[in-house]
1. Search the structure for amide H atoms under 5 Å from the amide H of residue 35, placed 1.01 Å from N in the peptide plane, and list their residues when 5 or more places away or on another chain.
2. Just the number, please: Stokes-Einstein D of the chain in µm²/s, Kirkwood Rh from C-alpha pairs, 4 °C, 1.567 mPa s.
3. What ³J(HN,Hα) values, in whole Hz, does the Karplus curve 6.51 cos²θ - 1.76 cosθ + 1.60 give for the stretch 103-108 when θ = phi - 60°, with x put for Gly and Pro?
4. Multiplying the sequence separation of residue 192 and residue 3 by 0.36 nm and subtracting their Cα-Cα distance, what value in nm do you get?
5. R0 = 35 Å: FRET efficiency of residue 349 with residue 153, Cβ-based, nearest 0.05?
6. Along Cα→Cβ, 7 Å out, is where each label goes; now give me the distance between the ones at residue 273 and residue 146 in nm to one decimal.
7. Tell me, what HN-Hα J-couplings in whole Hz come from the Karplus equation 6.51 cos²θ - 1.76 cosθ + 1.60 at θ = phi - 60° for each residue of the stretch 180-188, using x for Gly and Pro?
8. Among 145, 341, which comes first, second and so on when ranked by fewest other beta-carbon atoms within 10 Å?
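Each value in this text was obtained by applying a stated rule to the coordinates, not by laboratory testing. Keep in mind that this is a model prediction, so the values were computed, not measured. Because the Cβ atoms are built from the backbone with ideal geometry, glycine has one as well, and the counts that use them run over all protein chains shown.
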Amino acid sequence: MNNTREVEVVVVGAGQAGLSGAYHLRRAGFRPEHDFVVLDHSPGPGGAWQFRWPSLTYGKVHGMHSLPGMELTDADSARPSSDVISAYFDRYEQAFDLRVRRPVEVRAVREGAGGRLLVETSDGVWSTRALINATGTWDRPFQPRLPGQETFLGRQLHTAHYPGPEAFAGLRVVVVGGGASGTQHLLELAPYAAATTWVTRRPPVFREGPFDEEAGRAAVALVEERVRHGLPPRSVVSVTGLPLNDAIRQGLADGVLDRLPMFDRITPDGVEWRDGRHVAADVILWATGFRPAVGHLAPLRLREPGGGIRLDGTRAVADPRVHLVGYGPSASTIGANRAGRAAVRDIRRLLAGEALAA
């Protein structure tokens, strides 16, 4: 292909994981635009944070860790997290001269000639010896299918498209999902909505006390075990439980966080359980999480029979040229930082090994 450009490493995605990988490539002596390139499909810096709803202020963000090499300091906790973190990522890209190319859509990664990978994008084709895939999950919101869903006359939307609580003033809202987003939505919606109903598939688990480093390691280990066996990853949050902070305690006391089990079907005017219970609704808000955005890797056939991509650290077992960061156990911000460093360490070994073999 005449428009194919060659680099040593392509980084796909410029969220926390992608920027961490790019930073460690720079530290290892790789030159941006010469030895590696960072491709991001978003319109601007900030990764998925730039798309968060305005009422999610920085003070409400759970467990945001600074990128490697540059702390996020003196952030205004009352400002929207989308503004704070996007501005921080922008400063970071400039400070380390990462030269992120955007908006660039990565459409497919295929086998190329001479042991290289071909990364097909909206901006041409890149030929690379290694790939750091840091595409996260924001582009793949998960919404379960239930009987009667197509008959609902109200509005259905996912967390990914949540506009803030004011849009639901005077409406009856059913919030589905037991994670941090679901509880945040409920606490925000309660003063505006005519009524809120909380529905989760499993009973929520509230965590007392601080979430220390030991607890964090244990949670990551549970997610890591699934990935090691080629199963689709669960989020780290799903195994940590919900922090029992003052806002959650108040929500429990007020009955806002009075949870119901998952309904069995959707009706034109609400949701219904098998025992005949019915809750009227104008809106169903699906706070049901996300799935890894890895469809562009399909030509490489990395998926295991269990549905996930088996990893050894960050490296895809089926293809040592491919590293997944921000996937499974490294989906947290601190995990993404560590994964970026680990991926670059292994890539340096891989590339040195190819050079020696040649």
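1. For residue 35, whose amide H was placed from the backbone, there are no distant partners under 5 Å.
2. Working: Rh = 21.7 Å.
Calculated translational D: 60 µm²/s.
3. The phi angles translate into x, 10, 8, 8, 9, 6 Hz.
4. Numbers: separation 189, 0.36 × 189 = 68.04 nm, distance 5.39 nm.
Stretched fully, the residue 192-residue 3 segment lengthens by 62.6 nm.
5. Details: r = 58 Å, r/R0 = 1.66.
Efficiency for this residue pair is about 0.05.
6. 1.2
7. Each residue's phi maps through the Karplus curve to give 5, 5, x, 5, 4, 4, 4, 5, 6 Hz.
8. Starting with the residue having the fewest Cβ neighbours, the order is 145, 341.
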